[in-house]
Amino acid sequence: MSLDDLLRLSRCQWCGSESFSFVVEKEQWRLEACKNCQLIVLNPRPTPEYFQRLYDPVQQYDYQVNGERYITLADQFIGAYLSLIKGFERYVSPGKLLEIGSAVGFFLEAARRRGWQPQGVELSRGGADYCREHFGIDVFCGKLVDAPFEANSFDCVVAIHTLEHIDEPVVFLKRAIQVLRPGGLMFIEIPYLREDDVLNGLASRDGLELPNHLTHFTAASLTMVLTGLGIEILRSEASENLQVWARKRVTEGPTVGASRPGFFQRMFSSRSR
């Protein structure tokens, strides 16, 4: 892929700063951090049209999971998701649920079996078609910002291994919060950077999945963004992946663009000394 096919961010998508610092380069791909809020992004990156072509075919779901094709593992994934969704019901009763990045529909089918009313959003035409044909669940094919959902219309909004792929994550999260009702539950799961990874400059960090992962969150930076948008963190678990359970506040507004003091700034200043 030539540099002519790439887009360069001129401003931080969170705080608006125009200054970036180098973090690491892997092959032709370069990660940079905003000098103000330290959000780490792929910069430059492929165009949205590149990712549309990449994600459209249903064959993308033929990747291997423990030696088997993902698309053939419906029973295993639905079973795991049933347990996860049961846990959601500690915070909110079954109602309307939106999954953003619904792939071929395994999570949506699990939600339906738990008594929820599921709705999906999926960029991949192949994934959206597969879900409709195999599970009969409605999926909007396209970007969340273009989906015709009313404000405050969902009791639960879920994004599992989706946020890191989004070209405009703040716009995405604002829209996700908009369609979630006050008091509703948001669940996010992403791969994430450990603090030691960042302190070491990511030189030995595998699994960055460049260029498909556009924003590389730490637990601190995801908390910074969610709380800045007015979301209350209920629970957070960081192991192989980072999982966050959060609630839309009933009255408090966002503080978009705020930086996080404390460790997140010290982490980068220690690298510069």
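Each reported figure results from applying straightforward, stated rules to the coordinates on display, with no laboratory input. Worth saying up front: this structure is predicted, and the values here are computed from it rather than measured. Positions of Cβ are backbone-derived with ideal geometry, glycine not excepted, and every protein chain shown enters the neighbour counts.
Taking all C-alpha pairs of segment 34-96, those more than 16 Å from each other amount to 71 percent. Applying D = kT/(6 pi eta Rh) to segment 47-190, where Rh is the Kirkwood radius over alpha-carbon pairs, T corresponds to 37 °C and eta to 0.692 mPa s, the Stokes-Einstein value obtained is 214 µm²/s.
Would you mind telling me which residue in H165, H216, H134 has the biggest mean-square fluctuation in a Gaussian network model of the chain, where springs connect alpha carbons within a distance under 10 angstrom? Most flexible of the set in this elastic network: H134. Here the label points at Y50 and Y63, each 7 Å from Cα along the C-beta direction, are separated by 1.7 nm in the simple model. Ranking Y130, G230, L39 by how far each Cα lies toward the positive end of the dipole of the chain (charges on Cβ) leaves G230 at the top.
Once a ≥ b ≥ c are taken as the square roots of the eigenvalues of the Cα gyration tensor of segment 131-181, is the result rounded (a/c under 1.5), prolate (a/b larger than b/c) or oblate (a/b not larger than b/c)? Kindly include the intermediate steps, with their values, before the conclusion.
Details: a/c = 1.81, a/b = 1.26, b/c = 1.43.
Note, shape of segment 131-181 comes out oblate.
If both residues of a DSSP beta bridge must be in segment 47-190, then about 10% of such bridges are antiparallel.
Look at the dipole of the chain built from charges on Cβ: of P57, F149, L210, the Cα furthest out on the positive end belongs to F149. Karplus-based coupling profile of segment 141-151, in residue order and whole Hz: 8, x, 8, 4, 5, 9, 6, x, 8, 7, 4, with θ = phi - 60° in 6.51 cos²θ - 1.76 cosθ + 1.60 and x standing for Gly or Pro. Most simply put, the chain has about 60% antiparallel DSSP beta bridges, counting only bridges with both residues inside it. Each Lys and Arg Cβ is given +1 and each Asp and Glu Cβ -1; about its Cα centre, segment 47-190 then shows a dipole of about 460 debye. Positive contributions from Lys and Arg (+1) and negative ones from Asp and Glu (-1), summed over other residues with Cβ under 15 Å from the Cβ of I137, come out at -1. A DSSP coil position with no more than 16 other Cβ atoms inside 10 Å describes the following GluC sites (Glu not before Pro) in segment 146-189: E150.
Summarise the long-distance tail of P(r) for the chain by giving the % of C-alpha pairs beyond 28 Å.
In whole percent, the long-distance tail amounts to 36.
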